[in-house]
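Every number in this text was worked out from the coordinates using simple rules, so none of it is lab data. Since the model is a prediction, treat every value here as computed from it, not as a measurement. Virtual Cβ from ideal backbone geometry, glycine too; neighbours counted across all protein chains shown.
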Amino acid sequence: MSERNEGLGFEAGAQGNEVHREARLILRELRLMELLTEYHPRLAGTVPLGIQVEGSDLDIICEVYNPGRFTAEARRHFGRLEGFRAVTRTAGGRVRTKINFRAGGWPIELFGQPLATEKQNAWLHMLVEEQILNLLGPGFREAVISMKAEGMKTEPAFARLLRLEGDPYEAMLSLGRLTKEQLDAVCTRAYPYI
């Protein structure tokens, strides 16, 4: 993910697989990134990593300081789409807005909070997960996909495979703060099947 092609979060220079092309097409047809540009939208989650399973959604994280305005704009642009719903609540002392709808056969989730997108947990999780997938290779990727297909969420699947203790979401953030050498050591010690 060294370059963010049009803010969509796909690898630079690659056309991607069929799922990547389909996701790009849907987001372009909706003009989603363009219409929400002031919120610095980024596609995060499983699709850019190529670990999506049946039912995975397109997760778009946004930097949102006025949830009412964000919701109104999303409703104006996407409110006609199947399953549109918006919820704003406070969690962990931070106001968060979640907007869901379907387009082109995909569930789409817009997630907004008053924090730069590159500092949001979803983005930080994705970056460290990308490093781990690259380091541990196809066998690890398949193990994650298998666990997800059985119903496990992404971060708990990574944490279980890497034998991380405690809250899997926090454990993954901790891995993201390690140097490359430290991360390599932790991963290859915990998952020596490469």
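So, counting K/R as plus one and D/E as minus one, what does the shell of residues with Cβ under 12 Å around ILE26 add up to? Neighbourhood net charge equals +2. Against the chain, whose longest principal axis is taken from its Cα atoms, helix 18-30 shows a tilt of about 20°.
Taking a ≥ b ≥ c as the square roots of the eigenvalues of the Cα gyration tensor, an a/c ratio of 1.5 or more together with a/b no larger than b/c marks the range 54-127 as oblate.
Loop-located GluC sites (Glu not before Pro) across the range 30-86 with a Cβ neighbour count of 12 or fewer within 10 Å are GLU54, GLU82, with loop assigned by DSSP. From the alpha carbon centroid of the range 161-180 to that of the range 96-122 is 23 Å. Helix 67-78 axis versus longest C-alpha principal axis of the chain: approximately 80°, rounded to the nearest ten. For the range 133-194, the list of GluC sites (Glu not before Pro) that fall in a loop by DSSP and count at most 12 other C-beta atoms within 10 angstrom reads GLU150, GLU165.
The modelled label-to-label distance between TYR169 and LEU127, using points 7 Å beyond Cα along the C-beta direction, is 1.9 nm. Helix 180-190 and the longest principal axis of the Cα set of the chain meet at an angle near 70°. Rounded to the nearest 20 debye, the dipole size of the chain about its Cα centre is 600 debye, using +1 on the Cβ of Lys and Arg and -1 on the Cβ of Asp and Glu. Computed per residue of the chain from DSSP H runs no shorter than four, each worth -39500 (n - 2.57), the mean residue ellipticity at 222 nm is -14000 deg cm²/dmol. Of the trypsin sites (Lys or Arg not before Pro) found in the range 72-138, the ones in coil according to DSSP and having at most 11 other Cβ atoms within 10 Å of their Cβ are ARG80.
Converting the Cα gyration tensor eigenvalues of the chain into ellipsoid dimensions via √(5λ) gives semi-axes, longest first, of 29, 19, 15 Å.
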